[in-house]
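As structure tokens, the structure follows; a few thoughts come after it.
Every number here is computed from the coordinates shown, using simple stated rules; none is lab data. Bear in mind the structure is a predicted one, so any value in this text is a computation, not a measurement. Note that we place each Cβ from the backbone using ideal geometry, even for glycine, and neighbour counts take in every protein chain shown.
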Amino acid sequence: MPVLILIGKTIGSILITMLGLAFVTFIIGRVMPIDPVLSIVGEQASKSTYDEAYAAMGLDKPIIVQFFIYIWDVLHGDFGMSLLNGRPVAEDIRRVFPATLELAALGTIFGVTLGVPLGVLAAVKRDTWIDQIARVVALVGYSMPIFWLGLMGLLVFYGILGWVGSPGRVGIFYVDEVPTVTGMILLDSIIDGNWTVFKDALSHIILPSSILAYYSMAYISRMTRSFMLEQLSAEYITTARVKGLPERTVVWRHAFGNIKVQLVTVIALSYANLLEGSVLTEIIFSWPGIGQ
């Protein structure tokens, strides 16, 4: 029951957040110094054409009615037309979202792989030099501006050492080299069996995904340490140790086993944060995702 309550609260919080985000997006679209009608019909259009488009877009209705129409359209997958290129926004999202999904997924995988063991080790070795190092690493990763980390990563690993590929998703010679199946170029190159493109794409994604992974690892390791400390101080852990159970069994089977549900929630939130927080990373690395 507590898990269901937690899930319910999380879903409710997400819905409220999404509604608030939709409202802010709607208001920004109305206060921007851009006439959406002129963006569509052009500045040379007649007044009758302008008025017709103005009415067709629902701009002649009260602002609150416009907002509910906007929400209704969004719920039905209609995000309107882009003022920049005239294409449906939903079409643009479908085209670029796989790139963001791929970047955030790889960052989360790296973050979980490193963050969970680091958090467990820090809790087991509490107040030792290992714990202190783990806490400093987490603090730096959680507080350091991600754009600065990205720029330094580009300078060192691409500009100076040349260990990674240039900004962008793939080298210019491999653009459209593999057919689009999932939109995620690593998977598409595997499906196509084109390992040359896979290697090139991996060299481009490894640095931005590692930057996101560091941020994710910092959050996950900090939460894992907190959860584990709570479990390791519980009476059932003391009882298990008194019974002579191996420390590995006590830590991983008993203590870690009881934080799995909490940890899944943390990982899910971290993944969601990377999906929405990868904007700066995508801009720095010229990654053709939602951030662009």
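Structural remarks
- Candidate aspartates and glutamates - alpha carbon under 14 Å from Lys199, same-chain residues fewer than 8 apart omitted: Glu177, Asp188
- For the chain, fraction of C-alpha pairs farther apart than 29 Å, in %: 53
- Anchor Lys61: lysines whose Cα lies under 25 Å away (excluding residues fewer than 8 positions away in-chain): Lys47
- Over all distinct Cα-Cα pairs of segment 166-292, the Kirkwood formula returns a hydrodynamic radius of 17.6 Å.
- Mean separation of Cα contacts under 8 Å, 6 or more apart, over the residue count of the chain: relative contact order %: 24
- Remark: segment 89-284 carries a charge dipole of roughly 960 debye about the Cα centre, counting +1 on each Lys and Arg Cβ and -1 on each Asp and Glu Cβ.
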